[in-house]
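Engineer: Can you keep this structure in mind? I'll have questions shortly.
The values are calculated or read from the model by the stated rules, or taken from the named source; none is laboratory data. Bear in mind the structure is a predicted one, so any value in this text is a computation, not a measurement. So basically every Cβ, Gly included, is an ideal-geometry build from the backbone, and we count neighbours across all protein chains shown.
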Amino acid sequence: MFQMNRVVDLHCHSRYSDGTLTVGDLIALAKLRGVSLISLTDHDEVSGIVEAREQSAALNLSFVAGVEISSEWRDMSIHIVGLRIDETESTLTSLLSRIRETRSVRAQRMSEAFANVGMPGMLAGAAAYAPNPDLVSRTHFARHLVDSGVCGSMGEVFSRFMKPGKPGYVAHAWVSMQTAIDSIHAAGGRAVLAHPARYETQFLGGPSTLLKSFAEAGGDGVEVVCASHNPPEWAQYAALARRFNLLASIGSDFHSPMESRVKFGDLPRLSPNLKPVWHDWPEAECLYA
Ligand code: AMP
Ligand code: MN
Ligand code: MN
Ligand code: MN
């Protein structure tokens, strides 16, 4: 199909969640790197959308509003991207406010968990890296631990401290997968399962069980091409998208020029035998021009 030469990126983060760039710099960078259709998908937060829409319009870049909702399936945390949402719709905005409130409690508990292993002051340390005080994530704790010399890399922080079973990790009840999907639909958007290969589904029936449940819950699509996947996984999730009749999406999950695995524009295009999540969006018409 013709859109294959144009770059689509429907998953990235700004300083409103755990990205390091301002919305203005993020959108400008995407434009510079040749992106034609973009969505801003901050974690549990839509405060950057108006600015992102304006900046995209100023640069002649097609934009759809997005969000990445922290949710759970069978006690495992999963991320669901909502695309082409109405970011002002109240079912969605009240759900996101609730999630941000629980994040604040969680950040406090994480800090206590670190204090219990002799690492005090972690909340203040993380907060100094979180420009949005409502949105403190593990990423902010990790940046603090890297910059203060405790760990050599973000990956090291997660594997030593912040994964399930590690000393700085606390279990957290996120909203259900169903609630996240329903609220995205209430806001007129499409629900896309983010970076599916990242989930540890081996004791839960494997990725096909997760994708089947997601489709049965009304989920619309899945990220097939994303930075967390390697080439065999692109093929694996392409096949699963077709099997469960899910639309396919592409997202770099870009967070920072220093930390991200891929740059804007570096991911491959979707294979033409997949139906893109943007297939009927007016904002995607630029791809066919
Ligand atoms: P939270 O939403 O607070 O649980 O934090 C999750 C965020 O941590 C993700 O959105 C990623 O940005 C980041 N993250 C998760 N695992 C890793 C890792 N191994 N290395 C670097 N960043 C990670
Ligand atoms: Mn993140
Ligand atoms: Mn995610
Ligand atoms: Mn993300």
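Engineer: For residues that are within 13 Å of ligand 4 (Cβ to nearest atom) and not acidic (Asp, Glu), tally how many sit in the range 29-51.
Structural biologist: Qualifying residue count, the range 29-51: 4.
Engineer: I would also like to ask the following. Taking Arg53 as the residue in question, decide whether it is at pLDDT below 95 and within 27 Å of Gly221 (Cα to Cα).
Structural biologist: Spelling it out, it is not the case that Arg53 is at pLDDT below 95 and within 27 Å of Gly221 (Cα to Cα).
Engineer: Name the single residue that is farthest from ligand 4 (Cβ to nearest atom) among those in the range 52-94 being among the small types (Gly, Ala, Ser) and under 26 Å from Trp174 (Cα atoms).
Structural biologist: Taking the candidates together, the pick is Ser90.
Engineer: Tally the residues that are over 16 Å from Val35 (Cβ atoms) and either within 19 Å of the chain's Cα centre (by Cα) or acidic (Asp, Glu) (or both), restricting the search to the range 239-289.
Structural biologist: 9
Engineer: With the requirement that a residue be more than 11 Å from Ala52 (Cβ to Cβ) and either crowded, with 24+ Cβ neighbours inside 10 Å or within 14 Å of ligand 4 (Cβ to nearest atom) (or both), what does the range 1-12 give you? Please lay out each step first, then the result.
Structural biologist: Within the range 1-12, the subset more than 11 Å from Ala52 (Cβ to Cβ) is 1-11.
Within the range 1-12, Val8, Asp9, Leu10, His11 qualify.
Engineer: Okay, moving on. Assess whether His185 counts as being within 15 Å of Cys12 (Cβ to Cβ) and crowded, with 16+ Cβ neighbours inside 10 Å.
Structural biologist: Answer is no for this residue.
Engineer: Next question, about the same structure. Between Leu96, Leu92, Leu83, which is touching a Leu at 6+ places or on another chain (Cβ under 7 Å) and closer than 26 Å to Arg198 by Cβ?
Structural biologist: It is Leu83.
Engineer: Considering each residue of the range 188-219, count those that are more than 16 Å from the chain's Cα centre (by Cα), under 23 Å from Cys12 (Cα atoms) and assigned to a loop (DSSP other than H, G, I, E, B), and give that number.
Structural biologist: 2
Engineer: Given the conditions (1) away from ligand 4 (no atom under 14 Å from the Cβ); (2) in a helix (DSSP H, G or I), report the number of the one that Leu26 does not fulfil.
Structural biologist: Result: Leu26 passes all but (1).
Engineer: If you don't mind, there's one more thing I want to ask. Residues in the range 133-163 that are within 16 Å of ligand 3 (Cβ to nearest atom), within 18 Å of Met76 (Cα to Cα) and out of contact with any strand residue (DSSP E or B) (no Cβ under 9 Å at 6 or more places or on another chain): how many?
Structural biologist: 4
Engineer: While we're looking at this one, here's another question. Only one of Ser111, Ser77, Ser104, Ser70 is under 17 Å from Val46 (Cβ atoms) and either in contact with a Gly (Cβ under 9 Å, 6 or more places away or on another chain) or not in a loop (DSSP other than H, G, I, E, B) (or both); which?
Structural biologist: Just one listed residue meets the conditions, Ser70.
Engineer: Filter the range 61-82 for residues that are surrounded by fewer than 18 Cβ atoms within 10 Å (Cβ to Cβ) and in contact (Cβ under 8 Å) with a residue 12 or more places away in the chain and give the result. Let's see the steps before the verdict.
Structural biologist: First pass over the range 61-82, keeping only residues surrounded by fewer than 18 Cβ atoms within 10 Å (Cβ to Cβ): 72, 74-77.
The answer is Glu72, Arg74, Met76, Ser77.
Engineer: Within the set of pairs 6 or more residues apart or between chains, which connect a residue that is closer than 21 Å to Asp253 by Cβ and touching a residue at least 60 places away in the same chain (Cβ under 8 Å) inside the range 183-195 to a residue that is within 16 Å of ligand 3 (Cβ to nearest atom) and assigned to a helix (DSSP H, G or I) with Cβ atoms less than 6 Å apart?
Structural biologist: Ala191/Ile181; Ala191/Ile184; Leu193/Phe214
Engineer: Does the range 164-177 contain any residue that is within 15 Å of Ser70 (Cβ to Cβ), assigned to a helix (DSSP H, G or I) and more than 16 Å from ligand 2 (Cβ to nearest atom)?
Structural biologist: Yes: the range 164-177 contains one or more residues that are within 15 Å of Ser70 (Cβ to Cβ), assigned to a helix (DSSP H, G or I) and more than 16 Å from ligand 2 (Cβ to nearest atom).
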